[in-house]
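Here, each number is a calculation from the coordinates, and none is a lab measurement. Because the structure is predicted, anything quoted here is derived from the model rather than measured. Cβ placement follows ideal geometry from the backbone for every residue including glycine, while neighbour counts extend to all protein chains displayed.
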There are 2 protein chains.
Amino acid sequence: MELKIDKTMPSDAPVGVFDSGVGGLTVAREIMRQIPNEKIIYFGDTARVPYGSKSRETITKYSRQIVRFLQEQKVKAIVVACNTASAYALDEIEKELDIPIMGVVKPGAKAAVEATVNGRIGVIGTEGTIGSHIYSTYINQINSRIIVTGKACPLFTPLVEEGLWQDPVTDEIATRYLSGLVESGIDTLILGCTHYPLIRSTLGRIVGEGVMLVNPAYETARELKKLLEKKGLLNQKGQELGTERYRFYVSDMADKFQTFANSILKYGILSAKTIDIERY
Amino acid sequence: MELKIDKTMPSDAPVGVFDSGVGGLTVAREIMRQIPNEKIIYFGDTARVPYGSKSRETITKYSRQIVRFLQEQKVKAIVVACNTASAYALDEIEKELDIPIMGVVKPGAKAAVEATVNGRIGVIGTEGTIGSHIYSTYINQINSRIIVTGKACPLFTPLVEEGLWQDPVTDEIATRYLSGLVESGIDTLILGCTHYPLIRSTLGRIVGEGVMLVNPAYETARELKKLLEKKGLLNQKGQELGTERYRFYVSDMADKFQTFANSILKYGILSAKTIDIERY
């Protein structure tokens with residue numbers, strides 16, 4: 001991945017992380033855990049969520065607006081913490097940017113290739129992510145003999161957002177979505193939507209112990225650390241602990257976002273600020 | 001309801017109908033059935049759907065943009081075919097308009113008041129619609145002694161859009177959402193989201209025969225006919241039959257919209273056109 005760099009960007013500038021809503025917080029959480037010295041500016045597009053059922057053109061437009069907002073915040077690098085936006089918009093936006101940008105798909109694809117033994121990988125995600133075939137494209141760039149089977153799971157996100165993380169209904173829906181993948185003999189399953197790690201135990205139970213679950217959030221944080229190191233952008237200054245180094249913006253419903261964020265992040269978030277993203 | 005009228009608007013101008021996406025087609029379908037002479041311009045905001053989990057401010061902004069688009073199409077009247085937009089945006093937008101505009105909430109509330117015998121009405125809808133308490137406000141304006149109990153049902157819309165209209169999972173979720181309402185002794189239930197008529201038979205089975213289901217789509221078409229008659233705006237010219245009199249616009253995913261529309265409308269729709277609603 002070739003990335004253009006703005007040499008003038010200080011290494012203590014924040015990393016921008018964006019998602020269609022709350023799901024990308026699972027990625028932010030991993031970055032906080034793995035590289036705690038980094039400042040983060042998170043944007044969740046809660047006024048236009050979800051992205052998974054919308055078109056490439058629309059998602060690219062939305063992503064471009066968010067990138068403009070993040071650049072205004074002087075971020076040193078951007079993580080597209082949404083699989084659909086990574087699938088649809090990343091390549092195009094990367095060409096237009098002078099700071100490093102990375103998505104969650106390439107790290108997830110790479111980790112899955114390393115994990116599979118039998119060469120059969122399953123991917124679950126939104127309609128957009130699965131329809132784009134982006135995971136199979138990246139996986140087959142690394143190893144063209146791997147067989148990738150995708151399955152869109154549009155109900156998982158509403159079930160997670162309704163709080164049914166451990167529930168017979170989620171079990172039933174997951175069984176329907178996943179049975180075909182299990183029967184096809186996969187030994188690795190990519191959780192290709194940022195909401196899915198939150199129902200990881202349900203998914204793991206249904207696919208069984210023989211299937212390795214790959215969480216792109218974890219791999220993305222690892223790759224981000226490597227990328228920042230390589231570019232000399234890793235923050236060298238010791239940060240005071242505390243939540244001030246994390247700033248959260250949304251396009252709507254800041255209170256609801258804050259409640260959700262506090263349920264999954266280790267540090268309580270101080271506040272989320274609403275901005276008008278259509279202006280960007 | 002006092003409405004300002006543009007006297008110059010010809011009675012053969014179309015009626016504008018808008019919704020957050022496909023749900024409002026259940027309202028358009030009723031208008032087509034009850035007043036087949038009327039031309040309709042339908043707009044579905046598929047780039048920003050759903051509305052039910054977003055804020056009053058955001059929904060009002062979106063609705064205002066759509067109204068501007070419909071006015072550009074020279075509609076003679078507007079039907080807000082979305083309960084959430086009716087709840088949040090209608091009153092404010094009505095003040096700014098010089099053509100009649102009506103929502104689905106008032107007709108639904110009125111019909112429920114006429115239907116109840118024991119004075120206990122249930123309302124199901126999105127978080128936005130239920131949180132606004134708009135149905136109870138209108139119902140209690142007509143009869144202050146009626147007890148209204150609301151219940152947000154955020155999973156119904158994704159279940160309907162996933163096609164699970166007759167399904168054990170929908171049964172299970174509906175049982176959870178509705179059992180409290182049934183126990184509270186309601187004899188009337190308002191289907192306060194345009195998606196819900198599509199799972200009417202499931203809902204009816206769960207609440208039982210003793211509970212009358214009120215479909216605001218049906219009541220809205222009746223009220224629209226009365227409103228157009230009263231204002232001298234009912235189309236007097238016999239229309240050629242055919243689908244040309246119905247035009248469909250969306251903000252995204254025109255093909256998917258068309259497929260859904262063709263599954264619920266009697267007439268096949270010729271095409272849906274995508275427009276950039278953020279420009280309005």
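For residue B:212, the residues whose modelled amide H falls within less than 5 Å of its own, excluding neighbours fewer than 5 places apart on the same chain, are B:188, B:189. Dividing the summed helix terms, -39500 (n - 2.57) for each DSSP H run of n ≥ 4, by the number of residues in the protein assembly as shown produces a 222 nm estimate of -13000 deg cm²/dmol to the nearest 500.
Sorted shortest first, the distances from the residue A:255 label point to those of the same residue in the other copies are 4.2 nm; each point sits 7 Å from Cα along Cα-to-Cβ. Radius of gyration over Kirkwood radius for the range A:106-216, both on Cα atoms: the Rg/Rh ratio is 0.94. Amide H to amide H distances under 5 Å link residue B:249 with B:42, B:43, B:44, B:273, where only residues 5 or more positions off or on other chains count and H is placed in the peptide plane. Given charges of +1 on the Cβ of Lys and Arg and -1 on the Cβ of Asp and Glu, with all other atoms neutral, how large is the dipole of the range A:43-165 about its Cα centre, in debye to the nearest 20? The calculated dipole for the range A:43-165 is roughly 200 debye.
How many percent of all Cα-Cα pairs in the protein assembly as shown sit more than 41 Å apart? Percentage above 41 Å: 27. Here the Karplus curve 6.51 cos²θ - 1.76 cosθ + 1.60, taken at θ = phi - 60°, turns the phi angles of the range A:193-200 into couplings of 8, 5, 6, 5, x, 6, 10, 4 Hz, with x standing for Gly and Pro.
The loop-placed trypsin sites (Lys or Arg not before Pro) in the range B:200-280, going by DSSP, that have at most 12 neighbouring Cβ atoms within 10 Å of their Cβ come out as B:237, B:266.
Say we join alpha carbon atoms closer than 10 Å with springs in a Gaussian network model of chain B; which of B:108, B:23, B:232 then has the biggest fluctuation? Checking each option, the largest mean-square fluctuation is seen for B:232.
The Cα center of the range A:143-204 and the Cα center of the range B:67-128 differ in position by 38 Å. Nearest-to-axis residue in chain A, judged by Cβ distance to the rotation axis that brings A onto B and given in whole Å, is A:158, 2.
Among the trypsin sites (Lys or Arg not before Pro) in the range A:90-189, those placed in a DSSP loop whose Cβ has at most 14 other Cβ atoms within 10 Å are A:145. Applying the Karplus relation 6.51 cos²θ - 1.76 cosθ + 1.60 with θ = phi - 60° to the range B:35-46 yields 3J(HN,Hα) values of 10, x, 6, 7, 6, 10, 10, 9, 10, x, 8, 5 Hz, where x marks Gly and Pro. Its Cα centre serving as origin, the protein assembly as shown has a Cβ charge dipole (Lys and Arg +1, Asp and Glu -1) of approximately 740 debye.
Across B:11, B:136, B:201, mean-square fluctuation computed from a Gaussian network of chain B (C-alpha pairs under 10 Å connected) peaks at B:201. The same position residue B:147 in the other copies lies at 6.1 nm from this copy, comparing label points 7 Å beyond Cα toward the beta-carbon, shortest first. Spin-label pair residue A:33-residue A:262: with each label point 7 Å from Cα along the Cα-Cβ axis, the two points sit 2.2 nm from one another.
Quick one: 3J(HN,Hα) in Hz for the range A:108-118, Karplus 6.51/-1.76/1.60 with θ = phi - 60°, rounded, Gly and Pro as x. Working through the residues one at a time gives x, 4, 4, 5, 5, 4, 5, 7, 6, 9, 8 Hz. Would you work out which of A:149, A:136, A:197 lies farthest towards the positive end of the dipole of the range A:106-216? Charges go on Cβ: Lys and Arg +1, Asp and Glu -1. Projecting each Cα onto the dipole axis, the largest value belongs to A:136. Helix A:56-72 and the longest principal axis of the C-alpha atoms of chain A enclose an angle of approximately 30°. Comparing A:66, A:78, A:99 in a Gaussian network model of chain A where C-alpha atoms under 10 Å apart are linked, the largest mean-square fluctuation is found at A:99.
Normalising by residue count, chain A has a Cα convex hull of 117 Å³ per residue. Comment: the Cα-to-Cβ extended label point of residue B:266, at 7 Å, lies 6.3 nm from its counterparts in the other copies, nearest first. Note on residue B:72 and residue A:229: their simple-model spin labels are 5.2 nm apart, each label 7 Å out from Cα toward Cβ. Using only side-chain charges placed at the Cβ, +1 for Lys and Arg and -1 for Asp and Glu, the dipole size of chain A relative to its Cα centre rounds to 640 debye. Against chain B, whose longest principal axis is taken from its Cα atoms, helix B:25-34 shows a tilt of about 70°.
Near the amide H of residue B:103, within less than 5 Å, lie the amide hydrogens of B:80, all on another chain or at least 5 residues away, with H placed in the peptide plane. Seen against the Cα atoms of chain A and their longest principal axis, helix A:216-230 is set at about 40 degrees.
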